[in-house]
Amino acid sequence: MRIGELARRTGTTARALRHYEAAGLLSSARAANGYRVYDEGAAVRVANIRHLLGAGLTLEDVAAFATCLDGDVPAAPPSPRGLAIARERLAVLDARIAAQTAARDRLAAALAAHAAQASRSGS
């Protein structure tokens, strides 16, 4: 199937599929006219890539699952390596959330201080 059909079948975009290919997660053959051609198994592979990305993993994280992407990833029991990757990604996300929360709190405090100063000065 061509890239547009694979994109439609998997609910993604041709751009995302090219990105997965550039990351080494998806492969295609080239037709005589230069178009990318994917086999039927590509839809399962893309669904699994999207499942893992949707769970919060990065493409680099997903690459560690390359040997499993043609199976039923959502139903498979996680491997020790898969669990380690998920724990690492969760720690990164928790750190980012903490940093964003701290930035939000500083901004809220600055706005509250400005509002309090403005109300005291009658502005």
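Classification of segment 78-123 by its C-alpha gyration tensor yields a prolate form. The axis ratio a/c (a ≥ b ≥ c) is 1.5 or more, and a/b outweighs b/c. Sorting the segments 35-46, 70-81 by their mean number of nearby beta carbons within 10 angstrom, highest to lowest, gives 35-46, 70-81. Note: relative contact order over the chain, using C-alpha pairs below 8 Å and six or more positions apart, is 19 percent. Once the Cα atoms are used to define both axes, helix 80-121 deviates from the longest principal axis of the chain by about 30 degrees. Protection proxy ranking, highest mean first, for peptides 49-58, 106-115: 49-58, 106-115, where packing is the per-residue count of other beta-carbon atoms within 10 Å, averaged. Compared with the alpha-carbon gap, the fully stretched path from Ala98 to Glu60 is longer by 11.4 nm at 0.36 nm per residue.
Cα axis of helix 42-54 to longest principal axis of the chain: angle in degrees, 0 to 90, nearest 10? On a 0 to 90 degree scale, this one is about 20.
We did not get these values from a lab; they are worked out from the coordinates using the rules stated. Given the structure is predicted, the values throughout are model-derived calculations rather than measurements. So basically every Cβ, Gly included, is an ideal-geometry build from the backbone, and we count neighbours across all protein chains shown.
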